[in-house]
């Protein structure tokens, strides 16, 4: 242990770069592998979807691959978060982003038990509005103990298809990205953020929708 280690604090929150695949099918396989990895490390896994269609699709994939899970359909509060942290079964919880509170009511603890399990928050998609992603980020940051957050995307997601265009696909194919590989690059994240800013300027509201496609139809001018 060095001198500066005596004054360092344990990292309590980690936001990992987005994982992006060429296709939706490849993204699904990648998410399953990530869940298995995190559960294997004894993390508590919270799978979050912005849209109900995405959530139902994920649950069906879990059923087909015999992954046990708990689908939560009610508004979460501190009791649900405590239940997530304390449960010792190897399966994910699955919720809609709108079910999560803005922040954990108790806030972060000053003292962190480094032996306690990490809560891995895995978001199945980027919302078309960055403010909705920020809601999930703030929630993950406020969790007690240690937590990590990651968003998952594919080039077939509506946000990228409609508002980014073919440039990102051409770039990734030139880099030699294979169907079963994902890329984590700040340049891609900047393109996605620029797309969200474009949506923010063009949208006429944030009417609730079952899918990203339906959200675009309801909230973007024709």
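The values are calculated or read from the model by the stated rules, or taken from the named source; none is laboratory data. Every value quoted in this text rests on a predicted model; they were computed, and no experiment measured them. With ideal geometry, Cβ positions are generated from the backbone for all residues, glycine too; neighbour counts draw on all protein chains shown.
Checking the stated criteria, residue 210 turns out not to satisfy the condition of being surrounded by fewer than 17 Cβ atoms within 10 Å (Cβ to Cβ), closer than 25 Å to residue 120 by Cβ and within 20 Å of the chain's Cα centre (by Cα). Within the stretch 38-64, being in a helix (DSSP H, G or I), closer than 24 Å to residue 100 by Cα and out of contact with any strand residue (DSSP E or B) (no Cβ under 7 Å at 6 or more places or on another chain) holds for 53, 54, 56, 57, 60, 61, 62, 63. If I filter the stretch 53-61 for residues that are modelled with pLDDT under 95 and either touching a helix residue (DSSP H, G or I) at 6+ places or on another chain (Cβ under 7 Å) or loosely packed, with under 12 Cβ neighbours inside 10 Å (or both), do I get at least one hit? Within the stretch 53-61, not a single residue is modelled with pLDDT under 95 and either touching a helix residue (DSSP H, G or I) at 6+ places or on another chain (Cβ under 7 Å) or loosely packed, with under 12 Cβ neighbours inside 10 Å (or both). Residues that are in contact with a helix residue (DSSP H, G or I) (Cβ under 8 Å, 6 or more places away or on another chain) and either crowded, with 17+ Cβ neighbours inside 10 Å or under 22 Å from residue 133 (Cβ atoms) (or both) within the stretch 75-94 comprise 75, 76, 92, 93, 94, listed in sequence order. If you filter the stretch 2-37 down to residues that are at pLDDT below 90 and assigned to a helix (DSSP H, G or I), you find that the one that is nearest to residue 122 (Cα to Cα) is 5.
Within the stretch 87-102, can one find any residue that is at pLDDT below 90, under 25 Å from residue 211 (Cα atoms), within 19 Å of the chain's Cα centre (by Cα) and part of a loop (DSSP other than H, G, I, E, B)? Within the stretch 87-102, one or more residues are at pLDDT below 90, under 25 Å from residue 211 (Cα atoms), within 19 Å of the chain's Cα centre (by Cα) and part of a loop (DSSP other than H, G, I, E, B).
Here's the yes/no breakdown for (1) farther than 17 Å from residue 156 by Cα; (2) out of contact with any helix residue (DSSP H, G or I) (no Cβ under 7 Å at 6 or more places or on another chain):
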residue	(1), (2)
173	no, yes
187	yes, yes
190	yes, yes
195	no, no
208	yes, yes
216	no, no
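Among the residues in the stretch 154-168, are any modelled with pLDDT of 90 or more, loosely packed, with under 14 Cβ neighbours inside 10 Å and not in a helix (DSSP H, G or I)? Looking for residues that are modelled with pLDDT of 90 or more, loosely packed, with under 14 Cβ neighbours inside 10 Å and not in a helix (DSSP H, G or I), one finds none in the stretch 154-168, hence no. For the stretch 130-153, which residues satisfy the criterion of being within 23 Å of residue 194 (Cα to Cα) and part of a strand (DSSP E or B)? Answer for the stretch 130-153, where residues must be within 23 Å of residue 194 (Cα to Cα) and part of a strand (DSSP E or B): 149, 150, 151, 152, 153.
Can you tell me which residue within the stretch 175-207, out of those that are out of contact with any strand residue (DSSP E or B) (no Cβ under 9 Å at 6 or more places or on another chain) and surrounded by 16 or more Cβ atoms within 10 Å (Cβ to Cβ), is nearest to residue 48 (Cα to Cα)? Step through it out loud before you land on a result.
From the stretch 175-207, those out of contact with any strand residue (DSSP E or B) (no Cβ under 9 Å at 6 or more places or on another chain) are 176, 178, 186-187, 190-191, 193-207; that's our starting set.
Next, from what is left, pick out any that are surrounded by 16 or more Cβ atoms within 10 Å (Cβ to Cβ): 191, 195-196, 199, 203.
Values: 191: 22, 195: 21, 196: 19, 199: 22, 203: 23 Å.
For the stretch 175-207, the residue satisfying everything is 196.
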